[in-house]
1. For ILE16, enumerate residues with amide H under 5 Å from its amide H, sequence gap 5+ or separate chain, H modeled in the peptide plane.
2. Under 1.5 on a/c is rounded, so check that first for the stretch 1-46, then, if it is not, pick prolate when a/b is larger than b/c and oblate when it is not; a ≥ b ≥ c are the square roots of the alpha carbon gyration tensor eigenvalues.
3. Taking the simple approach of a point 7 Å from Cα along Cα-to-Cβ for both PHE22 and LEU34, what is their distance in nm?
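Every number in this text was worked out from the coordinates using simple rules, so none of it is lab data. Since the model is a prediction, treat every value here as computed from it, not as a measurement. Cβ placement follows ideal geometry from the backbone for every residue including glycine, while neighbour counts extend to all protein chains displayed.
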Amino acid sequence: MSPPSQLACPTCQRPIEWSEEFPWRPFCSERCKLVDLGAWLTEKHAIPGEPLDESAASPDPATTPKRD
Ligand SMILES: [Zn+2]
């Protein structure tokens, strides 16, 4: 099976093509990829019961989406 030639960006649903034109596929852009990653990390951190190590708490740039 070959990948679909056309699909939608998981983040913004923008239609993209499975080609070198979209190096960040299945995302339409690096921004959308980072947004998706950030959302995933946020959800993970929000899991109830997860032990919080406050002594290790520090700002993590990866979890802070950049907004230009
Ligand atoms: Zn997108």
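1. Close amide H contacts, sequence-distant or interchain: LEU7, ALA8, CYS9.
2. Since a/c reaches 1.5 and a/b is larger than b/c, the shape of the stretch 1-46 is classed as prolate.
3. Label-label distance for PHE22 and LEU34, simple model: 2.0 nm.
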